[in-house]
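The values are calculated or read from the model by the stated rules, or taken from the named source; none is laboratory data. Note that this is a predicted model, so its numbers are computed, not measured. Glycine gets a Cβ as well: all are built from the backbone with ideal geometry, and neighbour counts include every protein chain shown.
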Amino acid sequence: MNEEKELIMKNGQGFIAALDQSGGSSAKTLALYGVNNDRYQNDAEMFDLIHEMRMRVMTNQVFTSDLIIGVILFLDTMNRKKDGQLIPTYLWEKKHMISFLKIDQGLLERKEGVCLMKPILQLIPTLEKAKACGIFGTKMRSVIYEANYEGIKRVVEQQFILAKTIYENGLVPIIEPEVDIHAKDKEKCEEILKKEIINQLTNLPSNMKIILKLTIPTIPNFYEELGNNEKILRILALSGGYSREEACKKLAQNKNMTASFSRALLEGLKYDDTEEVFSKKLKKSIDQIYASSHTE
């Protein structure tokens, strides 16, 4: 593990930008950006367009390490280059930002109130390549819809089993068991989730570090005790479908969580914005998210 990057993740001031939209969410992201599906004919063209959007964000002058300490990338992005450098290398050397890689490959059908991750094909080769590309860690997402104890237990077990494999391959896992913001028993889901996370933490190797990415809890500071665990580098918050305004308002009530927003970060950005307008919108978004992540 890179010691400098670990220190930044543990103590650095700033949030994590999630620019890891997958094939399933890219079309919707592009539509919100003002690029409709009549602009592309296939997945390759769609990925080219969303890559252009991501690069427009990452290379912008307001996208700086003063406020952003890391970026979560999609596999397609990791394999591309900027100025002759792989994107993770560019982000570290030019922006001094840490890169993470989204490794999950979608969700299984809902069962027992949750969606587990599909088996991750070519996991070890992907981890080896990620490490060689300068990636610091990985991210994997599953979803909880109901306060079903067995379902939530399976979600957490799956996440932690994969986390150990990721750690053994020299990377730091971001564990993301998302609780759906519309779950009717969201608070109960969070109670079970926290209990299962604590149980799994006791089984980790003593020197292993993880990062948690969680839905902003119903009760402010509900996950605060997890932030004091020596095995957890940082607790990230996902926006989960909230507007940026609402996500930031809720996050500001939680002292121990740092934003890792995707849709909320990109909210309002448009393909046909002039660079001046685009930069102003992006700066407003970054400033607001940063402020909500660093409240007294």
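So which helices (runs of 4 or more DSSP H) are wholly in the stretch 190-283 and hold at least 1 residues that are touching a helix residue (DSSP H, G or I) at 6+ places or on another chain (Cβ under 6 Å), surrounded by 16 or more Cβ atoms within 10 Å (Cβ to Cβ) and without any contact (Cβ under 8 Å) to a residue 40 or more places away in the chain?
Numbers: elements: 224-227, 244-251, 263-266.
Counting at least 1 such residues, we get 263-266.
Which of the residues spanning the stretch 113-135 are surrounded by 17 or more Cβ atoms within 10 Å (Cβ to Cβ) and touching an Asp or Glu at 6+ places or on another chain (Cβ under 8 Å)?
Gly113, Val114, Cys115, Met117, Ile120 - these are the residues of the stretch 113-135 that are surrounded by 17 or more Cβ atoms within 10 Å (Cβ to Cβ) and touching an Asp or Glu at 6+ places or on another chain (Cβ under 8 Å).
Consider only pairs whose beta carbons are under 7 Å apart and that are at least six residues apart or on different chains; among these, list those whose first residue lies in the stretch 105-119 and is within 20 Å of Lys186 (Cα to Cα) and modelled with pLDDT of 95 or more and whose second residue is part of a loop (DSSP other than H, G, I, E, B) and among the hydroxyl-bearing types (Ser, Thr, Tyr).
Matching pairs, first to second residue: Arg110/Tyr145; Gly113/Tyr145; Val114/Tyr145.
Looking only at the stretch 40-76, how many residues end up being in contact with a helix residue (DSSP H, G or I) (Cβ under 7 Å, 6 or more places away or on another chain), modelled with pLDDT of 95 or more and loosely packed, with under 13 Cβ neighbours inside 10 Å?
Result for the stretch 40-76: 1.
Filtering the stretch 148-189 down to residues that are part of a helix (DSSP H, G or I) and of a type in the set (Gly, Ala, Ser), which residue is farthest from the chain's Cα centre (by Cα)?
So, considering only residues that are part of a helix (DSSP H, G or I) and of a type in the set (Gly, Ala, Ser), the one farthest from the chain's Cα centre (by Cα) is Gly151.
So which pairs qualify, if the first residue must be in the stretch 147-168 and more than 13 Å from Leu123 (Cβ to Cβ) and of a type in the set (Lys, Arg), the second must be assigned to a helix (DSSP H, G or I) and at pLDDT 95 or above, the Cβ gap must be under 6 Å, and the two must be at least 6 apart or on different chains?
From the stretch 147-168, the pairs are Lys153/Glu196.
Which residue pairs have Cβ atoms closer than 8 Å, lie 6 or more positions apart in sequence or on different chains, and pair a first residue in the stretch 2-30 that is among the hydroxyl-bearing types (Ser, Thr, Tyr) with a second residue that is in a helix (DSSP H, G or I)?
Correct list of pairs: Ser26/Met46; Ser26/Phe47; Ser26/Ile50; Thr29/Ile50; Thr29/Met53; Thr29/Arg263; Thr29/Leu266.
Here is a yes/no grid of residues against (1) touching a helix residue (DSSP H, G or I) at 6+ places or on another chain (Cβ under 7 Å); (2) hydrophobic (A, V, I, L, M, F, W, C):
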position: Met78; (1), (2): yes, yes
position: Met97; (1), (2): yes, yes
position: Glu109; (1), (2): no, no
position: Pro125; (1), (2): no, no
position: Gly134; (1), (2): yes, no
position: Asn148; (1), (2): no, no
position: Ile161; (1), (2): no, yes
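Out of the stretch 36-62, which residues are polar (S, T, N, Q) and closer than 18 Å to Leu282 by Cα?
Our first condition is that a residue be polar (S, T, N, Q); within the stretch 36-62, this holds for 36-37, 41-42, 59-61.
Thr59, Asn60, Gln61 - these are the residues of the stretch 36-62 that are polar (S, T, N, Q) and closer than 18 Å to Leu282 by Cα.
Here are the criteria: (1) surrounded by fewer than 16 Cβ atoms within 10 Å (Cβ to Cβ); (2) in contact with a Gly (Cβ under 6 Å, 6 or more places away or on another chain). Tell me which single one Asn148 does not satisfy.
Status for Asn148: all satisfied but (1).
Can you pull out the residues in the stretch 107-146 that are under 26 Å from Arg56 (Cα atoms) and under 17 Å from the mean Cα position of the chain (by Cα)?
Listed by number, the residues that qualify are Ala130, Ile135, Phe136, Gly137, Thr138, Lys139, Met140, Arg141.
Taking only the stretch 56-74 into account, find how many residues are over 17 Å from the mean Cα position of the chain (by Cα) and not in a loop (DSSP other than H, G, I, E, B).
So the count comes out to 1.
Determine the pairs where a residue that is acidic (Asp, Glu), located within the stretch 65-92, has a partner that is surrounded by fewer than 23 Cβ atoms within 10 Å (Cβ to Cβ) with Cβ atoms under 6 Å apart, the partner being 6 or more residues away or on another chain.
Final answer for the pair search is Asp76/Phe47.
Considering only the stretch 22-39, state which residues are outside any helix (DSSP H, G or I) and either surrounded by 14 or more Cβ atoms within 10 Å (Cβ to Cβ) or on the phi > 0 side of the Ramachandran plot (or both).
Looking only at the stretch 22-39, we keep the residues that are outside any helix (DSSP H, G or I), and these are 22, 34-36.
Correct list: Ser22, Gly34, Val35.
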